[in-house]
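To start, the structure itself, in structure tokens.
Coordinate-derived values only; no laboratory data. Model, not experiment: these values are computed from the prediction. Neighbour counts run over all protein chains shown; Cβ positions are idealised from the backbone, glycine included.
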């Protein structure tokens, strides 16, 4: 089987999710990728056995999620009903990722980034560590292509103090205050003074439980036009 290659010119694309709810969210943060090099990518996912032979060439690699996303944004690639594996390896977020098109491989990674095609439409999926995949998306990069340590990069981690404050505020507004209001109008006399600790913990539980369905959108990041650094939108 001959691999059909298409050329992808340099460009920008956003990947990641700004929704961190359990049911509707995805891997975050949402961030922009700026790919300054052109490359060729396989039009269709490539069967693993064929891909192994192609990968013996020094200019052939498994595509990164960033390269895949740029090609998909330009409507240059397709699929049918395959699950295709990309080269990124993640643990749970994109923090500390270089945003220049290269693969992102976290230490102690747990999942292989993948895409699942269904009737020509792809969805974001992942493959657990240790499991195989029948298809790969391949790219061909020029021999002069290399990594640049000064490339734009996301911070090492999120602002945990802001996230903690946000969680406490949500629990207070959605859980704790309504619990005390309910007790004031419905509980027996003296219940608030005697059972206030139960009301607080109950409110905290309700607030934390809501993360399954909803959380405020997180901030997105873009590549600065002049400084080549990641900036909050």
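Note on region 153-196 and region 75-112: Cα centroid distance 36 Å, given to the nearest whole angstrom.
Annotation: extensible slack from residue 156 through residue 74 equals 26.5 nm (criterion: 0.36 nm per residue apart, minus Cα-Cα distance). Label separation (residue 219 vs residue 196): 3.6 nm, computed from points 7 Å beyond Cα along the C-beta direction.
Test of understanding: ordering 73, 88 by Cβ neighbours within 10 Å, fewest first, what list do you get?
Details: 73 16, 88 24.
Final ranking by Cβ density, sparse to dense: 73, 88.
Taking 7 Å steps out from each Cα toward its Cβ at residue 109 and residue 125 produces label points 1.8 nm apart. Computed from the C-beta positions of residue 227 and residue 206 and an R0 of 45 Å, the FRET efficiency is 0.55 to the nearest 0.05.
What length, rounded to one decimal in nm, is gained on full extension from residue 149 through to residue 53, with 0.36 nm per residue of separation minus their alpha-carbon distance?
Values: separation 96, 0.36 × 96 = 34.56 nm, distance 3.07 nm.
Going from the current span to full extension adds 31.5 nm.
Taking a ≥ b ≥ c as the square roots of the eigenvalues of the Cα gyration tensor, region 93-150 is classed as oblate, since a/c reaches at least 1.5 and a/b does not exceed b/c. Max-minus-min Cα coordinates of region 1-133 on each principal axis give 42, 33, 31 Å, with the largest extent listed first.
Given contacts defined as C-alpha pairs under 8 Å and at least six residues apart, what's the relative contact order of region 5-140, whole-number percent? Could you put the intermediate results ahead of the total?
On the way: 302 pairs, mean separation 38.8, N = 136.
It comes to 29 percent, rounded to a whole number.
Taking a ≥ b ≥ c as the square roots of the eigenvalues of the alpha-carbon gyration tensor, region 80-181 is classed oblate because a/c is 1.5 or more while a/b is no larger than b/c.
Which whole-number percent is the relative contact order of region 129-223 (Cα, under 8 Å, 6+ apart)? Walk me through the numbers on the way to the answer.
Details: 44 pairs, mean separation 28.9, N = 95.
Value for region 129-223: 30 percent.
Considering the chain, its Cα convex hull presents a mean projected area of 16.5 nm².
FRET efficiency for the residue 7 to residue 163 pair, using the beta carbon distance and R₀ = 41 Å, is estimated at 0.50.
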